[in-house]
1. If we scan the stretch 608-622, do we find a residue that is assigned to a strand (DSSP E or B) and modelled with pLDDT of 95 or more?
2. Could you check how many residues of the stretch 351-377 are basic (Lys, Arg) and in contact (Cβ under 8 Å) with a residue 24 or more places away in the chain?
3. Being closer than 17 Å to residue 514 by Cα, in contact with a helix residue (DSSP H, G or I) (Cβ under 9 Å, 6 or more places away or on another chain) and not aliphatic (A, V, I, L, M) is the filter here, so list the residues in the stretch 433-470 that pass it.
4. Looking at the stretch 409-428 only, could you name the residues that are within 18 Å of residue 454 (Cβ to Cβ) and assigned to a strand (DSSP E or B)?
5. Where in the stretch 49-107 are there helices (runs of 4 or more DSSP H), lying fully within it, with 2 or more residues that are among the aliphatic types (A, V, I, L, M) and under 22 Å from residue 38 (Cβ atoms)?
6. Residues in the stretch 400-414: is at least one under 27 Å from residue 365 (Cα atoms), assigned by TED's automatic domain parsing to the domain that holds residue 337, out of contact with any Phe, Trp or Tyr (no Cβ under 8 Å at 6 or more places or on another chain) and modelled with pLDDT of 95 or more?
7. From the list 337, 382, exactly one residue is more than 30 Å from residue 533 (Cβ to Cβ), more than 21 Å from the chain's Cα centre (by Cα) and β-branched (Val, Ile, Thr). Which is it?
8. Do the conditions hold for residue 541, that is, is it in contact with a helix residue (DSSP H, G or I) (Cβ under 8 Å, 6 or more places away or on another chain), under 24 Å from residue 251 (Cα atoms) and without any contact (Cβ under 8 Å) to a residue 60 or more places away in the chain?
Amino acid sequence: MANKYFVIDFDSTFTKVEAFDVLADISLHGHPELAARKKQIEEITRRGMDGSISFRESLEQRLALLPINRIHLGKLVSQLKEKVSESFKRNRDFFTTHADSIYIISNGFREFIEPVVTAYGVKPANILANEFVFDDHDNVKGFDTTNPLSSNNGKSERLKSLNLPGDIYVIGDGYTDYEIKRAGLANKFFAFTENVEREQVLSKADHVAPSLDEFLYLNKLNTAISYPKNRISVLLLENVHPVAISWMKSEGFSVESYPAGLNEAELCEKVKNVSVLGIRSKTQVTSKVLDSANRLMAIGAFCIGTNQIDLAEATRKGIAVFNAPFSNTRSVVELAIGEIIVLLRNIPDKSQHMHQGKWDKSARGSYEIRGKRLGIVGYGNIGAQLSVIAENLGMKVYYYDREEKLALGNATKCRSLDELLAAADVVTLHVDGRDSNTNLIGHAQFNKMKPGVIFLNLSRGHVVDIQALRENILSGKVAGCAVDVFPDEPIDNHEEFVSPLRGLPNTLLTPHIGGSTAEAQENIGMFVPGKLMDYINTGSTSNSVNFPNLTLPTLENAHRLIHIHNNVPGILARINQVLANHGINIVGQYLKTNEWIGYVITDINKEYDKEVIKELRAIEHTIKFRVLY
């Protein structure tokens, strides 16, 4: 069997950046000609690449523009160590395992390349690069002109001199990397596109490698993961925060984002071959959508509620669902407090009159919130935090929840919804979207409220009978109203909002923005992807709304097998019997079940027969099975 050698470029491949660009910023820091010289360097680089000047001329002209000292190179190394490509960081084992066969070849300089790559196990003798020449004051005065890498076709000439006895695979982002293959010195050229894509290079490549994971997967080499992340397709809908998109892309996933929600037919088509789906509150993930999702592993709800997802069907199909139960709590609470104050002061009508030219300076119908009784229906994360803040503003807090909840501060627990409605000056809803909450507040409940009550719904649109609310606003029973959620909401910002509540007095209508603050959306954009990536990378299901919750230790020197099955007796025994039959040692095992499914994580020693995977998948009642490295 022939030896395999891996020849890897440095700039924009091993690192995310071009070292010369970073060096220019360092050596010219504070220089009055910084911008002009950087522009000159870019032009010289371009001319060197298109053949207008030789590579050596390009190198000489660029160095002439940079006053480089060893101190600058030390700073450069520090920065480059922080700029190593993410997929290279993930796959340190590849460099240590194949250290004898890995070569770094670059037209850059050993002085800044060696400290970066040797930290990953690359041998100094396997680094092929130019070298600076210094004067007595540690200033760069030139470079070793005898080195072939300082000339055109230098990579090919330098590699040829090694006469490596085996197959050679080149990974790089530039045309000079392709020239190695063109010269007949390499079996295959992989265009590395994690950091930059060059059309002239892509067209010449044997394969495009969006990450090192992809290269290792194609060549059946040991990797940090069982499947390249760039092959895991992520679809994010409804304009989720850019931090989520950026983070998941930086982790190597293939991410497509869409600014609006999709209807059922559109989503059925779009979700095919998608591994991870991210939505907000408008997108309905129905059983029909889930039937079309042939590869879906997980769904992330970038919001609190998950009633827009058919959780039972997702669970039956082995699809884990995550949400953000805490990330936008403060934003919703602040909106509720602001609306209570505004409504008690009758601001909506007063503002409207001012816009019409009417000056009505009167205290009639305007009240402080201090001393008023606030009735909170639903004492979860939002209701409880609202309770604390409202009490600190001087309100007397009453709450009702179907589940047993501990009162915070001096809040009073009501034994029934009717008791709360009869006591409260302000009623605010913070319940979840379960079907049993449909029309929780209707004619009968409004009849039990005080005359002149202030009413807020920032929970779910279907929990209030909208027609009953309209009639009670018009009759004056409800003196002020704020609604942020509606039974029927536009799918995007271009669709007209239609509601019986439009145009009513002292009524605040907002377009489902309770959690729509910059802070909340960024928090959600960090929290949900974190949970999704933990699940994909480690199998952890912490905070999943439909899977048994397991927080798993970091996997070291073992394979992790993830088995999702119907919750019936005997599955764990069958899994272990399969492993025993193949003489496989279990180094760790975790099992948790809920009403519908069982979730088994088994860590095994690295050596195993591939037939094992086939047998584990064939166990009766298996829903999903996957392997993590």
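The values are calculated or read from the model by the stated rules, or taken from the named source; none is laboratory data. As the structure is a computational prediction, the values presented were derived from the model and not from experiment. Here the Cβ is made from the backbone with ideal geometry for all residues, glycine too, and neighbour counts use every protein chain on show.
1. So in the stretch 608-622, the residues assigned to a strand (DSSP E or B) come out as 622.
Those still in the list that are modelled with pLDDT of 95 or more too: 622.
Scanning the stretch 608-622 turns up at least one residue that is assigned to a strand (DSSP E or B) and modelled with pLDDT of 95 or more.
2. 3
3. 433, 455, 457, 459, 460, 462 - these are the residues of the stretch 433-470 that are closer than 17 Å to residue 514 by Cα, in contact with a helix residue (DSSP H, G or I) (Cβ under 9 Å, 6 or more places away or on another chain) and not aliphatic (A, V, I, L, M).
4. 426, 427, 428
5. On the way: elements: 55-64, 70-81, 86-90, 92-97.
Result: 55-64, 70-81.
6. no
7. 337
8. Numbers: in contact with a helix residue (DSSP H, G or I) (Cβ under 8 Å, 6 or more places away or on another chain): yes; under 24 Å from residue 251 (Cα atoms): yes; without any contact (Cβ under 8 Å) to a residue 60 or more places away in the chain: no.
So residue 541 fails the test.
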